[in-house]
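Working notes, beginning with the structure itself.
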Amino acid sequence: AQRVTQPEKLLSVFKGAPVELKCNYSYSGSPELFWYVQYSRQRLQLLLRHISRESIKGFTADLNKGETSFHLKKPFAQEEDSAMYYCALFYNQGGKLIFGQGTELSVKP
Amino acid sequence: DTGVSQNPRHKITKRGQNVTFRCDPISEHNRLYWYRQTLGQGPEFLTYFQNEAQLEKSRLLSDRFSAERPKGSFSTLEIQRTEQGDSAMYLCASSRTGANVLTFGAGSRLTVL
């Protein structure tokens with residue numbers, strides 16, 4: 001079955017520290033993976049997708065098919081990065097996005 | 001175009017009442033999705049439409065839930081005989097077919113007393 005797992009519900013770091021939000025997936029097909037972010041009182045929005053291979057707001061994520069992972073990384077966290085982060089898998093056969101449970105990132109000054 | 005619009009933003013109802021939520025997608029998007037999100041959880045897929053056709057329904061969508069998209073534009077999600085367990089944020093999203101990037105609305109929060 002298709003599944004996305006984010007093992008950490010909360011990740012707390014200090015400003016300037018490196019950040020890694022973990023995401024593992026289960027999917028028998030060719031995965032298309034995304035990170036969505038939800039800032040306080042804002043709607044869910046796309047942060048990045050693996051096929052774009054771009055860095056958004058200093059965040060990057062690399063798809064590792066061997067480890068079935070798509071971890072989100074940023075070398076130096078900023079306070080404005082504090083938000084809920086959701087990893088998601090697009091399930092092509094079903095035409096839908098499957099989300100993980102989310103990780104709350106808290107960046108302290 | 002102001003993005004995906006959902007109404008009402010918040011609905012408080014008594015158990016047993018019916019409620020309806022409306023979603024207006026981005027105009028050129030032919031796919032429309034409904035998700036449900038409860039506290040501490042990620043969004044859970046409920047159903048989606050391609051134009052006016054409802055292509056998939058989750059097992060989460062009991063017989064009390066019905067969704068329509070009659071003209072392939074806006075969609076409604078109706079919950080009949082609401083239960084306290086229906087209390088959640090109901091999210092709508094839209095996309096172009098094949099784009100696989102969903103744009104979400106702000107959500108409609110349902111509170112069942």
* Debye, to nearest 20: dipole size of chain B, +1 on Lys, Arg Cβ, -1 on Asp, Glu Cβ -> 300
* Structure fact -> Share of accessible surface on carbon and sulfur in chain A, whole %, 1.4 Å probe and ligands ignored, is 47
* **Average partner coverage of B:101-107, which counts Cβ from other chains inside 10 Å** => 5
* Not counting the cut sites, what is the longest span of chain A without chymotrypsin sites (Phe, Trp or Tyr not before Pro) that DSSP labels loop and that have at most 14 other Cβ atoms within 10 Å? -> A:1-38
* **Rounded to the nearest 20 debye, dipole of the protein assembly as shown from Cβ charges on Lys, Arg, Asp, Glu** => 380
* With a 1.4 Å probe, how much accessible area is buried between chains B and A, both sides summed, in Å² to the nearest hundred? -> 1600
* To do: Take every residue in peptide B:46-57, count the Cβ atoms of other chains within 10 Å of its Cβ, and give the average of those counts.
  => 1
* Asked: Residues of the stretch B:16-59: accessible area per residue at 1.4 Å, in Å²?
  -> 49
* Asked: Can you give the accessible area of A:ARG43, probe radius 1.4 Å, in Å² rounded to 10?
  -> 90
* Structure fact -> Sorted largest first, the Cα spans of the stretch B:1-42 on the principal axes come out in Å as 37, 23, 16
* With eigenvalues of the C-alpha gyration tensor scaled by 5 and rooted, the stretch A:45-109, Å -> 23, 14, 11
* aspartates and glutamates with Cα under 13 Å of A:LYS15, excluding same-chain neighbours fewer than 8 positions away -> A:GLU79, A:GLU80, A:ASP81
* Return the FRET efficiency for the residue pair A:SER106, A:ASP62: r is the Cβ-Cβ distance, R0 is 25 Å, and the value is rounded to the nearest 0.05. => 0.55
* Solvent-accessible area, 1.4 Å probe, carbon plus sulfur percent, for the stretch B:12-113 -> 44
* Once the principal axes of the Cα atoms of chain B are found, what is the range along each, listed largest first in whole angstroms? -> 39, 25, 24
* Where a ≥ b ≥ c are the square roots of the eigenvalues of the C-alpha gyration tensor, would you call the protein assembly as shown rounded, which needs a/c under 1.5, or, failing that, prolate if a/b is larger than b/c, or oblate? -> prolate
* Asked: Given springs between every Cα pair under 10 Å in a Gaussian network model of chain B, which of B:ASP86, B:ASP24, B:ASP63 has the largest fluctuation?
  -> B:ASP63
* Structure fact -> For the stretch A:74-109 the residues that are at least 20 Å² less accessible with all protein chains than alone, 1.4 Å probe, are A:TYR86, A:PHE90, A:GLY94, A:GLY95, A:LYS96, A:LEU97, A:PHE99, A:GLN101
* Taking accessible area as the heavy-atom solvent-accessible surface of the protein chains with a 1.4 Å probe, which residues of the stretch B:17-44 lose no less than 20 Å² upon going from the isolated chain to the full protein assembly? -> B:TYR33, B:TYR35, B:GLN37, B:GLY40, B:GLN41, B:GLY42, B:PRO43
* Asked: How much length is gained on full extension from B:THR13 to B:SER62, taking 0.36 nm per residue of separation minus their Cα-Cα distance?
  -> 15.8 nm
* Structure fact -> Residues other than B:VAL101 with Cβ under 11 Å of its Cβ, Lys/Arg counted +1 and Asp/Glu -1, net out at +2
* Structure fact -> the stretch B:52-113 and the stretch A:47-69 have their Cα centres apart by a whole-number Å value of 29
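The values are calculated or read from the model by the stated rules, or taken from the named source; none is laboratory data. Model, not experiment: these values are computed from the prediction. Cβ atoms come from the backbone with ideal geometry, glycine included; neighbour counts cover every protein chain shown. In case anyone asks, the SASA skips ligands and DNA or RNA and just uses the protein heavy atoms, side chains included. Shrake-Rupley method; radii C 1.70, N 1.55, O 1.52, S 1.80 Å.
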